[in-house]
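Undergrad: I'd like to ask you about the structure that follows.
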Amino acid sequence: QVQLVESGGGLVQAGESLRLSCAVSGKTFSEYTMGWFRQAPGKEREFVAVMLRSRISTYYADSVKGRFTISGDNAKNTVYLQMNKMKPEDTAVYYCAAKTSYGTYDQSSRYGYWGQGTQVTVSS
């Protein structure tokens, strides 16, 4: 059984930075495609970023491209989301997710493992 635990959320002002961490336990970290999703109040969960098993290929939602960076540390079984130049519209609960299947990576239904989420609030 895979367990994902996020940390690093908090309250920041617009323009500031925050780094989220997701610790993975239970299985071989390198076997998983790792994604970050977020869900704002009253909205559906949306794709933010993904890092494929190679740990080289990464993809981002247009809304965060150029501001957010996903990275991973296989030795620590941890994936990170560095968020820079944050905006109020980035306010949401952020979730770490993992999947073993290939293919589509931007749909939450494709992921079988989820963390509990961490709140990120950006004030204007």
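Undergrad: Checking MET86 against (1) under 12 Å from the mean Cα position of the chain (by Cα); (2) in a loop (DSSP other than H, G, I, E, B); (3) surrounded by 21 or more Cβ atoms within 10 Å (Cβ to Cβ), only one condition comes out false. Which one?
TA: In the conditions (1) under 12 Å from the mean Cα position of the chain (by Cα); (2) in a loop (DSSP other than H, G, I, E, B); (3) surrounded by 21 or more Cβ atoms within 10 Å (Cβ to Cβ), MET86 misses (1) alone.
Undergrad: Could you pull out the residue among THR104, THR100 that is more than 13 Å from the chain's Cα centre (by Cα) and under 17 Å from VAL24 (Cβ atoms)?
TA: Working: THR104 fails: under 17 Å from VAL24 (Cβ atoms).
Selected residue: THR100, the only one of THR104, THR100 that is more than 13 Å from the chain's Cα centre (by Cα) and under 17 Å from VAL24 (Cβ atoms).
Undergrad: Which of (1) touching a residue at least 24 places away in the same chain (Cβ under 8 Å); (2) part of a loop (DSSP other than H, G, I, E, B); (3) in contact with an Asp or Glu (Cβ under 9 Å, 6 or more places away or on another chain) is the odd one out, the single condition LYS27 does not satisfy?
TA: LYS27 satisfies all of (1) touching a residue at least 24 places away in the same chain (Cβ under 8 Å); (2) part of a loop (DSSP other than H, G, I, E, B); (3) in contact with an Asp or Glu (Cβ under 9 Å, 6 or more places away or on another chain) except (3).
Undergrad: What's the number of the only condition in (1) touching a helix residue (DSSP H, G or I) at 6+ places or on another chain (Cβ under 9 Å); (2) among the hydrophobic types (A, V, I, L, M, F, W, C); (3) over 13 Å from LEU20 (Cβ atoms) that LEU52 fails to meet?
TA: (1)
Undergrad: Of the conditions (1) more than 21 Å from GLY72 (Cα to Cα); (2) modelled with pLDDT of 95 or more, PRO41 fails just one. Which one is it?
TA: Tallying (1) more than 21 Å from GLY72 (Cα to Cα); (2) modelled with pLDDT of 95 or more, PRO41 fails exactly one: (2).
Undergrad: Taking GLY103 as meeting all but one of (1) open to solvent by less than 70 Å² (accessible area, probe 1.4 Å); (2) under 21 Å from SER7 (Cβ atoms); (3) free of Cβ contacts under 8 Å to residues at least 12 places away in the same chain, write down the number of the exception.
TA: (2)
Undergrad: Residue by residue through the range 89-100, note down the ones that are touching a helix residue (DSSP H, G or I) at 6+ places or on another chain (Cβ under 9 Å) and not in a strand (DSSP E or B).
TA: The answer is THR100, and nothing else.
Undergrad: Check LEU11, LEU20 and return the single one that is within 22 Å of ASP106 (Cβ to Cβ), touching a residue at least 24 places away in the same chain (Cβ under 8 Å) and in a strand (DSSP E or B). Break it down stepwise before answering.
TA: Numbers: LEU11 fails: within 22 Å of ASP106 (Cβ to Cβ).
Only one candidate qualifies: LEU20.
Undergrad: Return yes when VAL64 is open to solvent by less than 70 Å² (accessible area, probe 1.4 Å), more than 18 Å from TYR32 (Cβ to Cβ) and assigned to a strand (DSSP E or B) and no when it is not.
TA: Spelling it out, it is not the case that VAL64 is open to solvent by less than 70 Å² (accessible area, probe 1.4 Å), more than 18 Å from TYR32 (Cβ to Cβ) and assigned to a strand (DSSP E or B).
Undergrad: Looking only at the range 67-79, filter to residues that are within 19 Å of SER25 (Cβ to Cβ), part of a strand (DSSP E or B) and of a type in the set (S, T, N, Q); which one of those is least open to solvent (accessible area, probe 1.4 Å)?
TA: Among residues in the range 67-79 that are within 19 Å of SER25 (Cβ to Cβ), part of a strand (DSSP E or B) and of a type in the set (S, T, N, Q), the one least open to solvent (accessible area, probe 1.4 Å) is THR78.
Undergrad: Can you name the residue in the range 7-48 that is closer than 17 Å to LYS99 by Cα and among the charged types (D, E, K, R) and, of all such residues, is most open to solvent (accessible area, probe 1.4 Å)?
TA: So the residue we want is LYS27.
Undergrad: Quick one: in the range 106-124, of everything that is among the polar types (S, T, N, Q) and in contact (Cβ under 8 Å) with a residue 24 or more places away in the chain, which residue is surrounded by the most Cβ atoms within 10 Å (Cβ to Cβ)?
TA: In the first step, residues of the range 106-124 are kept if they are among the polar types (S, T, N, Q); the result is 107-109, 116, 118-119, 121, 123-124.
Subsequent filtering for residues that are in contact (Cβ under 8 Å) with a residue 24 or more places away in the chain retains 107-108, 116, 118-119, 121, 123-124.
On the way: GLN107: 13, SER108: 16, GLN116: 11, THR118: 22, GLN119: 12, THR121: 16, SER123: 11, SER124: 9.
My answer is THR118.
The values are calculated or read from the model by the stated rules, or taken from the named source; none is laboratory data. The structure presented is a predicted model; accordingly, all values stated were derived computationally and were not measured. Quick reminder, even Gly has a Cβ in these numbers, built from the backbone with ideal geometry, and neighbours come from all protein chains shown. Side chains are part of the model used for accessible areas, which takes the heavy atoms of the whole protein and leaves out ligands, DNA and RNA. Shrake-Rupley method; radii C 1.70, N 1.55, O 1.52, S 1.80 Å.
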